[in-house]
Amino acid sequence: MVKSGRDRNGDAVAEQIDRSARKLELADPDAGLGRLDRGINRTIEAIGVLALASIVLVVFANASSRYLLNSSFSWAEEMVQMTLPWLAMAGVFLSVRRGTVIRIDFFFEKMPHWIRGTVARAVLAFNCIVLATMAVVSFDFVRMFGGDMALYVGLPTGVSTSALIFGAAGAAMAYAAAFVGAFRRSAAGGNGRDA
Amino acid sequence: MTPLAGAGLSILLLCGLLVFRVPMVVAIMAVVFFGNFMSGAWMMTLPQTMMSGIGRFVLIALPLFVLAGGLMNAGGISGRIFEFARALVGAFRGGLAHVNVVTSMFFGGMIGSSTADLAGTGSIVIPEMKKNGYPADFSAALTASSAGIGPMIPPSSPMILYSAMTGVSLGALFLAGLIPGLLLGLSQMMIVAWLAKRRGWKAYADFSLDEVYRTGRRAILSFGMPLIIVGGLVIGVFTPSEAGAFAVVYALVLAMFVHRVLDLGGLYRVLANAVQLSGELLIIVGLSFALGSALTNARVPEFLVEFIDMVTVVDSMYLRILALLVLAILAGMILDPLIPVLMPIILPTLIAYDVNLVHFGVLMVIAVVIGQVTPPMAIALIIAGKIADVDQIRVMRANTPFFLGIVCFLLIAIAIPGLATWLPNLVRN
């Protein structure tokens, strides 16, 4: 079949769309970061990836086994529910570190230029305090209830709930580091508003 | 201080923190701590309620569908879908604009993320539309509005969140969104056809059955994904979470072994992206349960019922639903994600009014879509405007016909609940 010029152009557009979608999905989110920062992000990423891959495998294997072997794993649902907090906390930590955390920029961008740096630093300090409080409260929570045993998996529930401590403490430390960085930049003459 | 005044103060604090660019996760956490402190409640109710929120089994579907969408996006389906859409509707007057809408409809059934549609497909289609003589502001407005179809068609992240917050069957919600999603796409095509006739836009491709067959054959495996999800739920083979796991495996096989465009390194990156994208949403859902519980204790839902009864002068269920949706749309202009934050506040009100929660779920998703194209946030319009390199105000003005279209569509969907409830009822019976 001979294609018209318009159709050939359409094919080229389809190829470009494919390339753009793949580039978007496969881009390195840590490009340009130092070795330490990359190392931290990659470690947490690995925990999250392990959690997600386990969830996929367990849910898929459980459903397949139910249809193929007429039996399912009694521990599957509980195990997946215990893994989910680790995935969630890894995701939050990465969002904080990579600056993709959900927030509203609109009003901040409308603020007078001179005040933005101060607001940004105050917000970083506030985030750090709230998350550190969450880590402390979660620590008490795990200390009090973490010894309860999960019914089917046979592990203490603290294995799952301790994700709250690590996630909140990690995000608090990330904000503390960002605050120190913004403060230093401000002292050196910048406004630190890109924090 | 009365509990209601305390709750009002908490809501004000939440808005204030968000205005100052405090991340949503931290803002909700701070408000719950503040509420607990003011009411003398036990601080440990926060991690306790949060864990029970995250532990909802239906939420497992969220990272699974996000992962499946990422695999499909990286697995070379976008170009195939575009080709097929071009073969189907490219010959219409204003062909490329129609192709844009149809691509978004197909995309919604496979990826379910309007941002992926906008940033991936939009970054190529908008310049192509400009090259073909469409005004830049119109190109951006259409791409932003059509990307909103994705959240209506299963698998839809807002519907997973709604199901987790309300306990409504996710399968029923997925089915309920199908017909409204397709109708929303058709309504946008009608607007495009009207504008194309007025402005003399040309066709984008010649129609040929051979081309439909060729591109359809190349794209057919991509359509296996919505088939697994919808088919599996209709027949009752899968729970939604299991449908998510099967969708992941299907997308993985397609990307790695059929299209052969994804290696192990790429797979790892897609997994990591899914962790980052879904992790924060899961925490927001968990925190929203804690927020909802604090506001319910402060009798906010009762106040809301009284308020709605006061503003809806006539005793009509439709007016009450409309009043709640106006509230949702107003909140959606600022809040994203809207559903986890708003649902704990209005769910008791919906139950008090005996509103069909499946119907309302679809209406809420339309409200979310409206929020994405309504200032001041208008995230979809902002992204599309940046791609088109055109002033935001012009994009918003060019979006007027699509905005009016979706508002009319919302009113029709309120008036005719069957649009949403017919398919799930049919399957259930």
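With a sphere of radius 13 Å drawn around the Cβ of B:I308, what net charge do the other residues whose Cβ falls strictly inside it have (Lys, Arg +1; Asp, Glu -1)? Present the calculation step by step, with values, prior to reporting the outcome.
On the way: positive: B:R320; negative: B:E302, B:E306, B:D309, B:D315.
Neighbour charge sum, excluding B:I308 itself: -3.
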Cross-link table B:K202/B:K386; B:K197/B:K386; A:K23/B:K202; B:K131/B:K197; A:K23/B:K386; B:K131/B:K202, entries beyond 22 Å C-alpha to C-alpha: B:K202/B:K386; B:K197/B:K386; A:K23/B:K202
The range A:1-132 - Kirkwood radius from inverse mean 1/r over Cα pairs (Å): 19.8 Å
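Work out the FRET efficiency for A:Y152 and B:R217 from their Cβ-Cβ distance, taking R0 = 41 Å, and round it to the nearest 0.05. Working shown, then result.
On the way: r = 46 Å, r/R0 = 1.13.
Efficiency, rounded to the nearest 0.05: 0.35.
Would you mind giving the mean number of other chain beta-carbons within 10 Å of the Cβ of each residue in A:126-136, as a whole number?
Numbers: counts 6, 8, 1, 2, 12, 5, 0, 5, 11, 0, 1.
Mean partner-chain Cβ count within 10 Å for A:126-136: 5.
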Karplus-derived 3J(HN,Hα), 6.51/-1.76/1.60, for each residue of the range A:28-38, Hz, glycine and proline x: 7, x, 9, 4, x, 7, x, 4, 5, 4, 4
For the range B:357-364, what does the Karplus curve 6.51 cos²θ - 1.76 cosθ + 1.60, with θ = phi - 60°, yield as ³J(HN,Hα) per residue in whole Hz, taken in order and with x for Gly and Pro? 6, 5, 4, 5, x, 5, 4, 5
What distance in nm separates the two pseudo spin-label positions at B:K202 and B:L264, each 7 Å out from Cα along the beta-carbon direction? 5.1 nm
Name the shape class, rounded, prolate or oblate, that the alpha-carbon gyration tensor gives for the protein assembly as shown, where a ≥ b ≥ c are the square roots of its eigenvalues, rounded holds for a/c under 1.5, and otherwise prolate holds if a/b is larger than b/c and oblate otherwise. rounded
Please work out the C-alpha center-to-center distance from the range B:33-107 to the range A:113-130 and express it in whole Å. 31 Å
Going toward the positive end of the dipole of the protein assembly as shown, with +1 on Lys and Arg Cβ and -1 on Asp and Glu Cβ, which of A:A27, B:S222, A:T43 do you reach last? A:A27
How big is the C-alpha Rg of the range B:4-60 next to the rule-of-thumb value 2.2 N^0.38 Å, as a ratio? 1.24
From a point 7 Å beyond the Cα of B:N425 in the direction of its Cβ, which residues of the range B:230-253 have a backbone N at a distance under 19 Å? B:234
I need the peptides B:257-267, B:168-178 ranked by packing, meaning the mean over residues of other C-beta atoms within 10 angstrom, with the highest value on top. B:168-178, B:257-267
Near B:D391, within a Cβ-to-Cβ distance under 13 Å, what is the net charge of the other residues, with Lys and Arg +1 and Asp and Glu -1? +1
Let's test the formula: R0 of 56 Å, r as the Cβ-Cβ distance of B:Y353 and A:A187. What FRET efficiency results, to the nearest 0.05? 0.50
Ranked list, fewest to most other Cβ atoms within 10 Å of each Cβ, for B:M256, B:M159: B:M256, B:M159
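When every alpha-carbon pair in the range B:242-370 is counted, what percent end up more than 25 Å apart?
Values: 3522 of 8256 pairs.
Cα-Cα pairs of the range B:242-370 separated by over 25 Å account for 43 percent.
Sort B:I308, A:I129, B:I149 so that the residue with the fewest other Cβ atoms within 10 Å of its own Cβ comes first and the one with the most comes last. List each step's numbers first, then the result.
On the way: B:I308 20, A:I129 15, B:I149 30.
Result, fewest neighbours first: A:I129, B:I308, B:I149.
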What's the extension gain from A:R38 to A:A177 if we count 0.36 nm per residue and subtract their Cα-Cα distance? 48.6 nm
If the convex hull is drawn through the Cα atoms of the range B:199-240, its volume per residue in Å³: 126 Å³
Strictly greater than 21 Å: what percent of every Cα pair in the range B:88-167 meets that? 31 percent
Fewest-first ordering of B:V311, B:V99 by Cβ atoms within 10 Å yields B:V311, B:V99
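Is there a quick way to get the dipole size of the range B:73-172? I mean about its Cα centre, with the Cβ of Lys and Arg at +1 and of Asp and Glu at -1; what is the value in debye to the nearest 20?
Numbers: 5 positive and 4 negative charges, 38 e Å.
Here the size comes out at about 180 debye.
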Give me a comma-separated list of calculated 3J(HN,Hα) values for the range B:73-78, in order, Karplus coefficients 6.51, -1.76, 1.60 applied at θ = phi - 60°, integers in Hz, x for any Gly or Pro. 5, 7, x, x, 8, 4
Once the convex hull of the C-alpha atoms of the range B:297-403 is built, how many Å³ does it hold per residue, rounded to a whole number? 115 Å³
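At a Förster radius of 35 Å, what calculated FRET efficiency corresponds to the Cβ-Cβ distance of A:E109 and B:D309, to the nearest 0.05? Before the final figure, lay out the partial values.
Working: r = 39 Å, r/R0 = 1.11.
Approximately 0.35, to the nearest 0.05.
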On each of the three principal axes the extent of the alpha-carbon atoms of the range B:227-280, given in whole Å and largest first, is 36, 32, 11
With a ≥ b ≥ c the root eigenvalues of the C-alpha gyration tensor of the range B:294-356, is it rounded (a/c under 1.5), prolate (a/b larger than b/c) or oblate? oblate
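Every number in this text was worked out from the coordinates using simple rules, so none of it is lab data. This structure is a prediction, so every number in the text was calculated from the model and none was measured. Here Cβ is always computed from backbone atoms with ideal geometry, including for glycine, and neighbour counts include all displayed protein chains.
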